[in-house]
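Everything on this sheet refers to the single structure shown next.
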Amino acid sequence: MSEAQRIITPRGHQDGIILAKLDEVLSLARSHSQWYLQFGLACCAIEMMATAASRYDLDRFGAMPRATPRQADLIFVSGTVTLKMAEKIKVLWEQMPAPKYAIAMGSCAISGGPYSRHGYSVLKGVDLIIPVDVYVPGCPPRPEALLEGLVLLAEKVKKEKLLSQKFSKKRGGAEK
Amino acid sequence: MQGIISLFESGLGLPELWAFVIGVVVFSLLIFLFIALFVIVAVWLERKVSAVIQDRWGPMRAGLTIQGELQTIADTVKLLMKEDIIPKPVDKLLFILAPFIVFTATFMVFAGIPLGPNAYSGTFDLGLFYLIAISSLGVIGIVMAGWASNNKWSLYGAMRSVAQIVSYEIPIALILIAVVMYSGSFSVKEIIATQDTGYGIFGWFLFRNPFMFVAAILFLIAGTAENNRTPFDLPESESELIAGFHTEYTGMRFAFFFLAEYANMFVVGVLLAILFLGGYAPIWHVAALADIPVLGWFFGSSGFWIILKAMLVVIIQMWFRWTFPRLRVDQLMYTAWKVLIPFTMAIIVLNGIWMKLFNLI
Amino acid sequence: MKNYFINVWNAFYTALVGLKVTFLHLFIKSVTVKYPLERDKVPANSRMKLEVDWADCIGCKACERACPVQCIHIDTSKALPEDNLAATKNGTARKLLVSNFTIDLSECLYCALCVYPCPEDCINMTPNYEFGKYDRKLLIEQFAPFSDDDRAKRQAFEEELKKKKLAEKAVKTKEKE
Amino acid sequence: MKELLFVFFAVITVVSAGIVSFSRNLIYSVFSLMATFIGVAALYVFLAADFIALAQIMVYVGGILVLLIFGVMLTQKISTVTITHLSVNRVWIVFLGLLLLGGLGYTIFNTSWFTGEMRAAEPTVKAIGNLLMGKYLLAFEVASVLLLGALIGAATIARKEEQ
């Protein structure tokens, strides 16, 4: 163990102090910069657009719309996910680069909503195909509700420790 | 700054080779720092300008105050931490190379930006020609990116970008000739000295004659088109081509394209400042300004003035972006070949007549 | 030729008009509601999250039947001897105990069709819209204040009662025969 | 120091020129042509011909190379990454190449090259301008008329046939 490594990981600490602090700063930065992939499917998409427009202004949270999944951190699945569209969501999700998040917006995206019992062509919840981080209920949710979802996601991102996880994995440390 | 340069020119007392290498590395880092700093400010500014125009707030959560001034730093950190995806069907070598070529071209242009009368590109006889010639290198990187991505939208974006940049380079070169007619030299120092007549802004080429004023406007239009910025952002039009030539790029690779785009805005600003706005000469010569305690240092330095003027042009470009809708492809070509080029040619002729009439030759 | 110049001039002029329009926005105050710091005032009768005043529920299941997406689930049981059922605010005596009252808010449509049939006005739409969750299961709201054990006990009691009833019925039919 | 830089740029020029001719992938050829042009421009700088160097970059890299790339991309089967260019008539090419090499070698070794002191770079633009507008005016004008003819010809060919 070199001197530098010892500073990064002092004895008795699973992830060193410096690493933990660094992680905190990086996660804070990431939580303030969530570029989103626009994925409007139904009426919720209108609310999503309203959120991005002047009155509610997603840009305040550092959220920029991106048309390509390669540059997005976040996908808003807003609206009824039909089985046909589900494939596309899956593909787009796979194309996003690693620390990626998903927000399911509206009843339809969360659980199929009105179609949850009898919708033969509707996916019963988008979390069946991609891991959803925050559920924003509503039919459709108010723009503020979506903003609240974004705040909730930022809280979640702030608590993440990507670097520590990576290093503990490299050292063969146990994962929680 | 001058002291540092002469210190490096003296060789630091090291062997020639080492002095050279250290000098190159140090100055490259300085230029990189300058670009990075400028882009951090410019991206934030762009979001704020768009917010003002759309009656909203823009970034406000990231940062110490309510203005979100750390937003771009947060974005940069995030882009650094992103997964680096190289899709399987791409041409790996060119895919990796492309962002660096685009950025290198911009970087080389920045090396030639004259921040003062003693800067190398200022004394260099062909300083202006250098800026224009090198800025045409970036196209190759864009085509490379578009082709290597193996994605139809990337390819379309790259093709459009090339057609656009090649077309709009001609009016820029022609306007250059109109300016050079006055100064009689390609040297940046000479051009700025011609404008620095002691009458402040009335010495600028912008106000020399009515045709030069039109030329300045045409240069701004052509420069905006060179940068692929709205209303000429066909190469990355979101509604048609997803993100154009950088559709497949993630994380830092994308950041380099981003960096180059914003840095190019500054280059257009600098070019316009040199050609029409008096370059690094102060807007008005007031000796008393330089005596103000802290601000005097800014007012006294030539770098401050050229950056100020360039920033002004950058803000105008942002204003353009959030005002105009995108042009169609044929309209774009029409603008270049049927409006800009005939107009610039007419300007050259009329300029000559004007100079003959007023005995300026 | 004349047309060409008119076109160019028009393009230039209209561009200037556009620039003027956006420039004037510099002097217009921002319309943004800075959400986490301030909130829009929502009308009191707006239809957002469903709330149930459990103490008033008489377990008539009118809302469950009215719900078009069937997101309301109600289980009722006879009151245990130790329960002391108070009357509702309308003065109706409660005969059944609602042991389970769940609304799956992830399916709710905000249609308010469940509100009108309720005889006791105990199910209502509230203007609360902030209830995003990290987990889909957390969106299934339970309004009956019982623990799972308690609920199981009540269920068992209810079944016992039913068995008793069945037995009594059987005895009665036998007597008739 | 200068020798080192010279060698560096010479190597870039020669190696990329090699890639241009030997690469199986047409796109690689085109892109390495850029490195060749830039290397040649750098060599011009070593000859104190700054105007020529910049003109080289502006005209060849900014214009001609881009047109070449366009040409390649507009060819068929652009959607596949591996565009190869086949070598045909190898025997003839080798023969002609050797002939060219011999000719060039003969010229190089039999010319009495100018050998003098290293001089500081002087501005060349004025001299070039004077020569083009004075001594070589006729050649200059003839060349521009030729280019104009080519331009008009291209426009005529590309024009839509009127019904």
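Only one of C:A112, C:A144, C:A167, C:A87 is of a type in the set (A, V, I, L, M, F, W, C) and on the phi > 0 side of the Ramachandran plot. Can you tell me which?
Criteria check complete, one pass: C:A112.
One residue is enough: does region C:120-128 have a residue meeting the conditions within 14 Å of chain A (Cβ to nearest Cβ), surrounded by 17 or more Cβ atoms within 10 Å (Cβ to Cβ) and more than 14 Å from C:G59 (Cα to Cα)? Lay out the reasoning, then the answer.
Looking only at region C:120-128, we keep the residues that are within 14 Å of chain A (Cβ to nearest Cβ), and these are C:125-128.
Filter once more, keeping what is surrounded by 17 or more Cβ atoms within 10 Å (Cβ to Cβ): C:125.
In the following step, the residues that additionally are more than 14 Å from C:G59 (Cα to Cα) were identified as C:125.
Within region C:120-128, one or more residues are within 14 Å of chain A (Cβ to nearest Cβ), surrounded by 17 or more Cβ atoms within 10 Å (Cβ to Cβ) and more than 14 Å from C:G59 (Cα to Cα).
Scan region A:50-81 residue by residue and report those that are surrounded by fewer than 23 Cβ atoms within 10 Å (Cβ to Cβ) and either out of contact with any helix residue (DSSP H, G or I) (no Cβ under 9 Å at 6 or more places or on another chain) or of a type in the set (G, A, S) (or both).
A:A50, A:A52, A:A53, A:S54, A:A67
Quick check on B:A133: is it at the interface with chain D (Cβ under 10 Å from one of its Cβ atoms), within 21 Å of the chain's Cα centre (by Cα) and free of Cβ contacts under 8 Å to residues at least 24 places away in the same chain?
Details: at the interface with chain D (Cβ under 10 Å from one of its Cβ atoms): yes; within 21 Å of the chain's Cα centre (by Cα): yes; free of Cβ contacts under 8 Å to residues at least 24 places away in the same chain: yes.
Against the criterion (at the interface with chain D (Cβ under 10 Å from one of its Cβ atoms), within 21 Å of the chain's Cα centre (by Cα) and free of Cβ contacts under 8 Å to residues at least 24 places away in the same chain), B:A133 qualifies.
If I filter region B:226-250 down to residues being among the aromatic types (F, W, Y) and more than 9 Å from chain A (Cβ to nearest Cβ), which single residue comes out as surrounded by the fewest Cβ atoms within 10 Å (Cβ to Cβ)?
The selected residue is B:F232.
Scan region C:53-61 and tell me whether some residue there is part of a strand (DSSP E or B), more than 14 Å from chain A (Cβ to nearest Cβ) and more than 30 Å from B:F213 (Cα to Cα).
So far as region C:53-61 goes, no, none of its residues is part of a strand (DSSP E or B), more than 14 Å from chain A (Cβ to nearest Cβ) and more than 30 Å from B:F213 (Cα to Cα).
Among the candidates B:I86, B:I66, single out the residue that is assigned to a loop (DSSP other than H, G, I, E, B), within 22 Å of A:M96 (Cβ to Cβ) and within 12 Å of chain A (Cβ to nearest Cβ).
B:I86
Where residues in region A:105-119 are surrounded by fewer than 24 Cβ atoms within 10 Å (Cβ to Cβ) and more than 7 Å from chain C (Cβ to nearest Cβ), which of them is farthest from the chain's Cα centre (by Cα)? Step through it out loud before you land on a result.
The first filter runs over region A:105-119 and keeps only residues surrounded by fewer than 24 Cβ atoms within 10 Å (Cβ to Cβ), leaving A:112, A:114-119.
Retained after the next criterion (residues that are more than 7 Å from chain C (Cβ to nearest Cβ)): A:112, A:115, A:118-119.
Values: A:G112: 20, A:Y115: 25, A:H118: 29, A:G119: 27 Å.
Looking at residues that are surrounded by fewer than 24 Cβ atoms within 10 Å (Cβ to Cβ) and more than 7 Å from chain C (Cβ to nearest Cβ), I get A:H118.
Would you check if A:G125 is more than 13 Å from every other protein chain (Cβ to nearest Cβ) and modelled with pLDDT under 90?
Judged against the criteria, A:G125 is not a match.
Please work out if C:T88 is more than 30 Å from A:V81 (Cβ to Cβ), away from chain A (no Cβ under 14 Å) and surrounded by fewer than 18 Cβ atoms within 10 Å (Cβ to Cβ).
no
Within region B:157-167, is there a residue that is within 14 Å of chain A (Cβ to nearest Cβ) and closer than 28 Å to B:I101 by Cβ? Reasoning before the result, please.
Just the residues of region B:157-167 that are within 14 Å of chain A (Cβ to nearest Cβ), to begin with: B:157.
Of the ones still in play, those that are also closer than 28 Å to B:I101 by Cβ are B:157.
Yes; the residues of region B:157-167 include at least one that is within 14 Å of chain A (Cβ to nearest Cβ) and closer than 28 Å to B:I101 by Cβ.
Is one or more of the residues making up region C:109-117 surrounded by 19 or more Cβ atoms within 10 Å (Cβ to Cβ) and not in a loop (DSSP other than H, G, I, E, B)?
For region C:109-117, residues surrounded by 19 or more Cβ atoms within 10 Å (Cβ to Cβ) and not in a loop (DSSP other than H, G, I, E, B): absent.
Being closer than 24 Å to A:Y135 by Cα, at pLDDT 85 or above, of a type outside the set (D, E, K, R) and under 18 Å from the mean Cα position of the chain (by Cα) is the requirement here; does C:I74 meet it?
No; evaluated as a whole, the condition is false for this residue.
Could you say which residue among C:L166, C:L139 is touching a Ser or Thr at 6+ places or on another chain (Cβ under 7 Å) and hydrophobic (A, V, I, L, M, F, W, C)? Please lay out each step first, then the result.
Working: C:L166 fails: touching a Ser or Thr at 6+ places or on another chain (Cβ under 7 Å).
Just a single option satisfies the conditions, and that option is C:L139.
Please state which one of A:A50, A:A63 is closer than 24 Å to C:K29 by Cα and in a loop (DSSP other than H, G, I, E, B).
A:A63
Return the total of residues in region C:146-163 being more than 19 Å from C:W54 (Cβ to Cβ), out of contact with any Ser or Thr (no Cβ under 9 Å at 6 or more places or on another chain) and not acidic (D, E).
Qualifying residue count for the region: 3.
Could you tell me whether any residue of region A:76-98 is under 14 Å from the mean Cα position of the chain (by Cα) and facing another protein chain (nearest Cβ under 7 Å)?
yes
Quickly run through region A:120-159 and pick out the residues that are of a type in the set (A, V, I, L, M, F, W, C), part of a loop (DSSP other than H, G, I, E, B) and over 18 Å from the mean Cα position of the chain (by Cα). Full working, then the answer.
Within region A:120-159, the first condition is being of a type in the set (A, V, I, L, M, F, W, C), and the residues that meet it are A:122-123, A:126, A:128-130, A:132, A:134, A:136, A:139, A:145-147, A:150-154, A:157.
Those still in the list that are part of a loop (DSSP other than H, G, I, E, B) too: A:123, A:129-130, A:132, A:139.
Of everything in region A:120-159, those that are of a type in the set (A, V, I, L, M, F, W, C), part of a loop (DSSP other than H, G, I, E, B) and over 18 Å from the mean Cα position of the chain (by Cα) turn out to be A:L123, A:C139.
Would a scan of region C:10-26 turn up a residue that is within 30 Å of A:A145 (Cβ to Cβ) and either of a type in the set (D, E) or more than 7 Å from chain B (Cβ to nearest Cβ) (or both)?
no
The values are calculated or read from the model by the stated rules, or taken from the named source; none is laboratory data. Note that the structure is predicted; figures quoted are calculated from it, not measured. With ideal geometry, Cβ positions are generated from the backbone for all residues, glycine too; neighbour counts draw on all protein chains shown.
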